[in-house]
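The values are calculated or read from the model by the stated rules, or taken from the named source; none is laboratory data. Please read all numbers here as calculations on a predicted model, not as lab measurements. Cβ: placed from backbone, ideal geometry, glycine included. Neighbour counts: every protein chain shown. These area figures cover heavy atoms from the full protein model, side chains too; ligands, DNA and RNA do not enter into them. Shrake-Rupley method; radii C 1.70, N 1.55, O 1.52, S 1.80 Å.
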Amino acid sequence: MSGNVFKWANSDDNDSSTSSTAVSLTPNFILPVERRPNLAEVSKSGDSVPIIDMGRGDIDGLIKEIAKASEEYGLFLIINHGVTEELCESMLSAVTDLFHLPPQVKARLVSDDPTKDVRFCNHFRKAEDKGDQKAKKFSMWSEVFKHSWHPADDSFAELLPSDPPNYRRVVTAYAKEIGFVMSLLLNLISQGLGLEGDVLQDRLGKNPLFRAQANYYPPCSNPDLTLGWDVHTDRDALTVVLPTSNMEGLQIMKDNKWIVVDPVPNALIVNIGDQLQVLSNGKYKSVLHRVVTNEHHSRVSLAMFYGPDKDALIGPMENLIDNQHPQLY
Ligand code: OGA
Ligand code: NI
């Protein structure tokens, strides 16, 4: 198979005036056969992820709905979450502008060093190729930009690039709103586990780890051979993702099948991470998910992660351990 199968798009239909270049110049995007997405098998009809109206008045009902979605899917969409459509749109266009910065500007921030707070990189996976027992590095069909965030202390923004001019300002405003949404979600999830509302957040510690990740998935000429983001679970406690509207891409594993997360206007995606799976003694699932690419359209997303304080000791909540539910972690 020749490398020509893939051509990183220099222009896409959303904005043909800008150009974007892969961070990696000699990418190996073609996954070994057994790791390819097998798109024909993904069930489009049938099961779909819950859509939860955060504005519904009845709190007890809301708590139950979130608890059920966290248990059965590990991922759900929220609408009427309080973050305005205008702010979400500004955030997505700032993210898009960021990935459309000239390659030489982005190159200054490219790094594979995970201890670096602000950086561009490609995701990659190590996998054994057929007939070759050595682990090879496969890049994902995406670029990512990682940085920290904080719901109250704006100083994180000083570390961010001043170009594009809006990114710092918009992400600071967005971080505040997402901070509220996450606190509310953690409170409701805590109650859904039979605890006082603040218990979960207390357990995660006074200085939670706030990581942000902007993802850019350019159009891909052959979505069958690669993935935008390989199969993974999020290692933090809770993730809230803002995706390009009207664009599919995210899929989750449910009952051993991949299902498409259908786009819903003005919805945010909420997903349970590894730390909540442990805290809930396995009751809630840290959902397996992946992102497939699209032949014609690019997609961006901004994932905001809430993780435990580095000093927090994470183990199952005591009230969730009994004879029927032995301690799993
Ligand atoms: C992630 C992720 C999903 C998406 O950043 O961890 O799963 O839709 N993103 O981009
Ligand atoms: Ni993820």
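Is it the case, given these coordinates, that residue 246 is away from ligand 2 (no atom under 16 Å from the Cβ), open to solvent by 20 Å² or more (accessible area, probe 1.4 Å) and of a type outside the set (A, V, I, L, M)? When the stated conditions are applied, residue 246 passes them. Quick one: is residue 231 in contact with a strand residue (DSSP E or B) (Cβ under 6 Å, 6 or more places away or on another chain) and not aromatic (Phe, Trp, Tyr)? Yes.
Quick one: which of 69, 40 is without any contact (Cβ under 8 Å) to a residue 24 or more places away in the chain and crowded, with 20+ Cβ neighbours inside 10 Å? Matching residue, one of 69, 40: 69. Looking only at segment 158-199, residues that are farther than 26 Å from residue 276 by Cα, in a helix (DSSP H, G or I) and open to solvent by less than 10 Å² (accessible area, probe 1.4 Å) come to 2 in all.
Counting only residues that are in a loop (DSSP other than H, G, I, E, B) and either within 18 Å of residue 288 (Cα to Cα) or near ligand 1 (Cβ under 10 Å from one of its atoms) (or both), segment 238-250 holds 4 of them. Every test in (1) over 26 Å from residue 253 (Cβ atoms); (2) of a type in the set (Lys, Arg); (3) modelled with pLDDT under 85 is passed by residue 56 save one, and that test is (3). Residues in segment 257-297 that are within 15 Å of ligand 2 (Cβ to nearest atom), open to solvent by less than 30 Å² (accessible area, probe 1.4 Å), out of contact with any helix residue (DSSP H, G or I) (no Cβ under 7 Å at 6 or more places or on another chain) and not hydrophobic (A, V, I, L, M, F, W, C): 4 in all. Each residue in segment 190-237 was checked for being farther than 24 Å from residue 154 by Cα, among the hydrophobic types (A, V, I, L, M, F, W, C) and more than 16 Å from ligand 1 (Cβ to nearest atom), and 5 of them qualify.
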